[in-house]
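Note sheet for the following structure.
Nothing in this text is a laboratory measurement; each read-out follows from the coordinates by a stated rule. Quick caveat: nothing in here was measured; it's all calculated off a predicted structure. As a convention, Cβ positions derive from the backbone with ideal geometry for all residues, glycine included, and neighbour counts pool all protein chains shown.
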Amino acid sequence: MAAVTSLRGDLESLSRTIHADPELAFEERRASALLCSWLSGHGFDVLKPVGMLDTAFVGRAGSPGKGPTIAFLAEYDALPGLGHGCGHNLIAAGAVVAAASCVMARSDLHGEIVVIGTPAEEGGGGKVLQLERGVFDGVDVAMMFHPADRTLPWRHARSAAHLKVTFHGQAAHASKNPEDGINALAAMIQLFVAVDGLRQHIPSSARIHGVIREGGVAPNIVPDRTSADFLVRDARAQGALALVERFTACAQAAALATGATVEVRETAPLYLERKNNHRLAARVMGYLSSLGVAVEEPSPANPAGSSDIGNLSMALPVIHPYLAVAPRGTPGHSIAFRDLVCSDGAHEATLAMAASMAQAALDLLDDPTFLSEVKDEFDSSSPDLGD
């Protein structure tokens, strides 16, 4: 705790700098450079880029080969048009401070502490690409947390498919010769109507939502191209994929009804449901409780989103607890949440979480029995599905 407390000012400075300068998925150049520079200045050997991703990095410290490798994961991408309405500024600052605290607290680490910079969580699937490209090879356990309106040791998550739908029609003068046009916007409207009808007949665990990116250029021109981005989710990957087939049928029907043609393509890897490591999460929450943070019990009623951490959780033990940095009921991905994740209270809570994760990481390095219990749970457990 002394090591973490000594870095209080650094944590706040890193968080505020990233928050004030939001960058979108795969474009987080300034945030990535800031974090790499800070880690280098605190004794980490930093490699960048990694995994063929310009803004991804790995910082290493400790004694490789003398024990397990424990990774802290940093996210630092922002939301389009909203900035850091998901609090990734806190995730990044908390990750590097937790890792540096481990190094400061132990002159001889029984293993290796790494920070892995994971870009493009907001729809780009950075962790999935890094996993496929070997960035996580050799990592025994990975830890991160997520800002929220409540503190939870774990939460279920939905699998999610990221889709772009593009309709192609034929431009024409909307008054003089509309009969010569094929209205791509009409096709898009039909798709949204069909999806609304489909929602009556899908499981309660499923979600479909989208936004129109292109809708035409002028009211007197028949739109010849429209596009929209959609997320199609369900509790399990097989459910999400089955729903993608039904969604695609709706798009094809809209094209057939209007004479347009349609393309449906994935814009990011499929996000999988999450397998939380309860043994490790409980240890972190125990330390967090000892610092005065109130921890709630997980409930299937808690709302769930989706994240590329799910794919990683199927490959190795992972935790993704939630930390209250905003009043209960504050919606994520909102202006209110964006403003609160840069508050003094949010930084104080993140400091406590960094200390708790750091102590749990040292437990994993120092106690082979605890590490074995964490790995045994990973081998035998199933994803948290919220049912």
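A few remarks follow.
- Unit Cα scatterers, Debye sum, the range 305-387: log10 I(q)/I(0) for q = 0.16, 0.18 Å⁻¹: -0.86, -0.99
- Folded to 0 to 90 degrees: helix 368-380 orientation relative to the chain principal axis, Cα: 20
- Vicinal HN-Hα couplings computed from phi for the range 339-354 (Karplus, 6.51 cos²θ - 1.76 cosθ + 1.60; Hz; Gly/Pro x): 6, 6, 6, 10, 8, 4, x, 5, 5, 5, 5, 5, 4, 5, 5, 4
- Residue-count net charge about residue 312 - beta-carbon cut-off 10 Å; Lys, Arg +1, Asp, Glu -1: +2
- The angle between the Cα long axis of helix 278-290 and the main principal axis of the chain comes to about 70°, on a 0 to 90 degree scale.
- Charge tally around residue 225: other residues with Cβ under 13 Å, Lys/Arg +1 each, Asp/Glu -1 each, net -1.
- Aspartates and glutamates with Cα under 17 Å of residue 164, excluding same-chain neighbours fewer than 8 positions away: 122, 214, 224, 229, 245, 263, 266
- For residue 48, the lysines whose Cα comes closer than 25 Å to its Cα, not counting residues fewer than 8 places off in the same chain, are 66, 127.
- Other residues with beta-carbon under 11 Å from the beta-carbon of residue 17 carry, at +1 per Lys or Arg and -1 per Asp or Glu, a net charge of -1.
- Calculated diffusion of the range 159-271, Stokes-Einstein form, Kirkwood radius summed over Cα pairs, 4 °C and 1.567 mPa s, µm²/s: 90
- Relative contact order of the chain, defined on C-alpha pairs under 8 angstrom at six or more residues apart (%): 22
- Residues of the range 114-157 with amide N under 16 Å of the 7 Å Cα→Cβ point at residue 266: 123-133
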